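Reviewing the structure listed below.
Read-outs: derived from the displayed coordinates by stated rules, not from any lab. Computed from a predicted model, the values in this text were never measured in an experiment. Virtual Cβ from ideal backbone geometry, glycine too; neighbours counted across all protein chains shown.
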Amino acid sequence: MKKYYADRKSLKFLRVFTFLLIICIIIALKYLLYFLEARYPDYFALAKITIPEIIIWIFIGLLVTAYVVFLMIILPLWYRSVSYALSSDEIVMRSGVFFSNTVYVKMSSIQYTTTVSMPLSKYTSFNFLLINAYGGRLVMMFLSHSDMEEIHKKIRTYLSSRGGL
């Protein structure tokens, strides 16, 4: 039984991309605040701290907090916990941060597979393998390109050996 794990290159890419996105959102919110100050100078001259400023700063704080909690704490724990095991008769997926989740898929119940690769997926590891079986679907996420191709090839070989292709 060979084990596969989520590639951590995708975690690094998610962190950088999300950080840049949050910076753009913060700049847009600050621009909105300056626009409101220019549009309604009488309202902003009355109070030292206004309600729109409070709302925007709370929203910025929530964005930064969500980034730190999700992308710096929870997502790395998920990457450490997820594993895919492939044997000759079944596929086992284990994952979970707060609760453990184990999914078993019999090779004999697999109908077809679909590979999804994003642009530049060899560098970002945004490779997904969707396994459609009787009664459900298993999604193998954030695999390296070589692991995705290897798993897909093994499943195709099994399907062709049973006369499925």
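Here's the yes/no breakdown for (1) in a helix (DSSP H, G or I); (2) free of Cβ contacts under 8 Å to residues at least 12 places away in the same chain:
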position: L62; (1), (2): yes, yes
position: T65; (1), (2): yes, yes
position: L71; (1), (2): yes, no
position: P76; (1), (2): yes, no
position: F98; (1), (2): no, yes
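Are any of the residues in segment 37-44 of a type outside the set (A, V, I, L, M, F, W, C), within 34 Å of the chain's Cα centre (by Cα) and part of a helix (DSSP H, G or I)?
No.
Test F126 against the criterion of being of a type in the set (F, W, Y) and touching a residue at least 12 places away in the same chain (Cβ under 8 Å), and give yes or no.
yes
Please enumerate the residues belonging to segment 34-60 that are in contact (Cβ under 8 Å) with a residue 12 or more places away in the chain and either aliphatic (A, V, I, L, M) or under 18 Å from V16 (Cβ atoms) (or both).
Selection gives L36, I56, I60.
Could you please find all residues in segment 41-63 being surrounded by 12 or more Cβ atoms within 10 Å (Cβ to Cβ) and within 20 Å of I27 (Cα to Cα)?
F44, T50, P52, E53, I55, I56, W57, F59, I60, L63
Restricting to segment 108-156, name every residue that is surrounded by 11 or more Cβ atoms within 10 Å (Cβ to Cβ), out of contact with any strand residue (DSSP E or B) (no Cβ under 7 Å at 6 or more places or on another chain) and more than 16 Å from L11 (Cα to Cα).
S108, S146, E149, E150, R156
Considering I49, I60, I54, which residue is β-branched (V, I, T), in contact with a helix residue (DSSP H, G or I) (Cβ under 6 Å, 6 or more places away or on another chain) and farther than 30 Å from A6 by Cβ?
I60
Using the structure shown, decide if V139 is in a strand (DSSP E or B), under 21 Å from D7 (Cβ atoms) and free of Cβ contacts under 8 Å to residues at least 12 places away in the same chain.
Spelling it out, V139 is indeed in a strand (DSSP E or B), under 21 Å from D7 (Cβ atoms) and free of Cβ contacts under 8 Å to residues at least 12 places away in the same chain.
Name the residues in segment 80-96 that are in contact with a helix residue (DSSP H, G or I) (Cβ under 9 Å, 6 or more places away or on another chain), surrounded by 14 or more Cβ atoms within 10 Å (Cβ to Cβ) and without any contact (Cβ under 8 Å) to a residue 40 or more places away in the chain, would you?
Answer for segment 80-96, where residues must be in contact with a helix residue (DSSP H, G or I) (Cβ under 9 Å, 6 or more places away or on another chain), surrounded by 14 or more Cβ atoms within 10 Å (Cβ to Cβ) and without any contact (Cβ under 8 Å) to a residue 40 or more places away in the chain: E90, R94, S95.
Being under 18 Å from H152 (Cβ atoms), among the polar types (S, T, N, Q), in contact (Cβ under 8 Å) with a residue 12 or more places away in the chain and in a loop (DSSP other than H, G, I, E, B): is that true of S108 here?
Taking the combined requirement at face value, the residue does not satisfy it.
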